[in-house]
Every structure is written in C-alpha cells, then in structure tokens.
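All remarks here apply to the structure that follows.
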Amino acid sequence: MEKATQPEAVSSVLKVFSILQALGEQKEIGVSELSQRLMMSKATTYRFLQTMKTLGYISQQGESDKYSLTIKLFELGSKSLEYVDLIALADKEMRLISEQTNEALHLGALDENAIIYIHKIDSGYNLRMQSKIGRRNPIYSTAIGKVLLAEREEGFIREILSDINFIKHTDRTLENTEQLLSELRIVRKQSYAEDNEEQEPGLRCIAAPIYDRFGIVIAGLSISFPTVRFDEKRISYYVGLLHHAGKNISEQLGYRHYPVKSAEPSA
C-alpha cells in the first residue's frame, strides 16, 4: 500500500482515507476484515480506528468488533457545499455593489474565534484596503466579526472570546468582552455593524448578516472605505445596499425572514 520513500505523515493520511473509503463501501466492518483488505496489521488498524472514533468520524457497534461511519463526514461535506453556494450567490450581489460604489467588498465567515475572508472584490481606487482571501482577522474589531456574533447566545459569545486577548490595534479598538457585548446589542437591533477605525487606522467598514436556511448567521458581507472617502451622510445608503444584498443571498439559501423588511437601497 505504501512506498518506503513516503514520509510517515503522508503514509498516515493515506491509511486514514483508505479506512474511510472502505467503511464508505460497506455499512460496517470488523478490525480483522478491514486490516486484511487494506494490508495493514491488525494493531495498526485498531489504533487508527480508535483515534477516528475519538474524533467522532467512526462509531463502534456496542462492544462488538464492528465499526461504521458516523454522519460527521456528511456534515463536514455539507458545510463545504454550503460555502461553495454562498460564494457563488454572494459574488453576483457583491459585483452589483462594487459597480455602484467602486469600493472593496468582503465576504467573511467564522473560523474558530476569528473571521476568515472567503471572497472579496477589490476597490477600483488606488487607495484601498489591502486584503486577501484566506486572511484571518480578529472577531472583536471587525464589522464582519460583530454581525457573526450579534445574534448568538451570550454564553456562546463568552466562550468564543474566553481565549482572546483584546489587542488595541488602534485607540478605538474595544478593550474587553463587556464592551463588545454592549455593542453587539446595538448590532442585533439595527442588523448591521461598523468598524470605525478599530482594526486599522484610516479604515471604515460596514457589514450586514447573511443567514442560512435555518436562520443562523453564517457570513457577513462588508464594504470598506478609507476614511478620506467615507461620507457619513451616505451611511444609510451603504447599509441599504448591504441589506438588499444580504436579503437576496439569504433568500436564495432558503431563509425568507430577513430582519430588515424594506431592504432596498436609496440614493
């Protein structure tokens, strides 16, 4: 099954996926039969099975020798497909906002206790926000982070923030959990969040939520401006654009109760 020249880590990955594939082809299987099929020792096979069982990807039928897959792989695959759909749907709406504002647009999701950018459209201006897909940013100092947290239970929020060190990126950065919780109450009420030079000096961001079919906020859609181009009088217009886009994306994902009923931008 494995070549002598393969690194040990690569060999282990191959064994894991060989086990998953074998279990996927047969509803349940014993250690002896599985080890023979994969040409691995029984002890090695058992060790891998127990580790995968601990991680929740495999279940053992009582005290028997039989193992089978759990639905955890299905859940993982479903999340991946959901993000593929989300990005495709969001791209259309983001391009419409980009045409109207020429500013940077970002789509971000929760990644443990931070946000991660999963899609973006750059500003057409020379002076613009520097970012890239896959970049992580703090959840407490970004507009996207705030909309991702705003509708969660307080216990969940406190758990997410328990290991976070609130770093003062600027003089405006929130300093602790209590300050963030206070702001999240406002975000929840108005259904949008702001980053007013909290993550980076000279940068303003506004974000709106995107819901999945179960009514869970799975992403935030933001528009970013250098402060020299930000017009406070136009904030309702920018928020309207984001709400309109967020509502359209959420509805296409199966959620038809977007919190802002008249999500139509007005110039």
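Across segment 11-42, what is the total count of residues that are modelled with pLDDT under 85 and of a type in the set (Ser, Thr, Tyr)?
The total comes to 2.
Can you list the strands (runs of 3 or more DSSP E) lying wholly within segment 167-226 that have 2 or more residues being in contact (Cβ under 8 Å) with a residue 60 or more places away in the chain and within 24 Å of residue 257 (Cβ to Cβ)?
203-211, 217-226
Give segment 184-202 a look and list any residue that's of a type outside the set (S, T, N, Q), farther than 17 Å from residue 239 by Cα and out of contact with any Lys or Arg (no Cβ under 6 Å at 6 or more places or on another chain), or say none.
185, 200, 201, 202, listed by residue number.
Kindly indicate the residue of segment 212-230 that is within 16 Å of residue 190 (Cα to Cα) and among the hydrophobic types (A, V, I, L, M, F, W, C) and also surrounded by the fewest Cβ atoms within 10 Å (Cβ to Cβ) among those meeting that condition.
The extreme case among them is 217.
Assuming residue 233 fulfils every condition listed in (1) touching a strand residue (DSSP E or B) at 6+ places or on another chain (Cβ under 6 Å); (2) in a helix (DSSP H, G or I) apart from one, which condition is it?
(1)
Inspect segment 198-206 for any residue being within 20 Å of residue 85 (Cα to Cα) and either crowded, with 20+ Cβ neighbours inside 10 Å or at pLDDT below 90 (or both) and give the result as yes or no.
No: segment 198-206 contains no residue that is within 20 Å of residue 85 (Cα to Cα) and either crowded, with 20+ Cβ neighbours inside 10 Å or at pLDDT below 90 (or both).
Suppose we filter 189, 247, 233 for residues that are buried (at least 23 other Cβ atoms within 10 Å of the Cβ) and among the basic types (Lys, Arg); which single one remains?
After applying the criteria, what remains is 247.
The conditions are (1) out of contact with any Leu (no Cβ under 6 Å at 6 or more places or on another chain); (2) assigned to a helix (DSSP H, G or I); (3) closer than 23 Å to residue 211 by Cβ, and residue 137 fails exactly one of them. Which is it?
All conditions pass for residue 137, except number (2).
In segment 17-50, what residues are surrounded by 17 or more Cβ atoms within 10 Å (Cβ to Cβ) and either in contact (Cβ under 8 Å) with a residue 40 or more places away in the chain or polar (S, T, N, Q) (or both)?
Answer for segment 17-50, where residues must be surrounded by 17 or more Cβ atoms within 10 Å (Cβ to Cβ) and either in contact (Cβ under 8 Å) with a residue 40 or more places away in the chain or polar (S, T, N, Q) (or both): 18, 23, 35, 45.
Any residue that is hydroxyl-bearing (Ser, Thr, Tyr) and within 17 Å of residue 243 (Cα to Cα) - is there at least one of those in segment 189-197?
Yes, segment 189-197 contains at least one residue that is hydroxyl-bearing (Ser, Thr, Tyr) and within 17 Å of residue 243 (Cα to Cα).
Determine, yes or no, whether residue 250 is farther than 17 Å from residue 108 by Cβ and assigned to a helix (DSSP H, G or I).
Considered against the rule, which asks whether it is farther than 17 Å from residue 108 by Cβ and assigned to a helix (DSSP H, G or I), residue 250 comes out as no.
Checking residue 180 against (1) touching a Leu at 6+ places or on another chain (Cβ under 6 Å); (2) under 24 Å from residue 118 (Cβ atoms); (3) modelled with pLDDT of 90 or more; (4) surrounded by fewer than 20 Cβ atoms within 10 Å (Cβ to Cβ), only one condition comes out false. Which one?
Looking at each condition in turn, residue 180 falls short on (4).
The values are calculated or read from the model by the stated rules, or taken from the named source; none is laboratory data. Keep in mind the model is a prediction, meaning the values are calculated, not measured. FYI the Cβ positions are ideal-geometry reconstructions off the backbone, even for glycines, and counts take in every protein chain you see.
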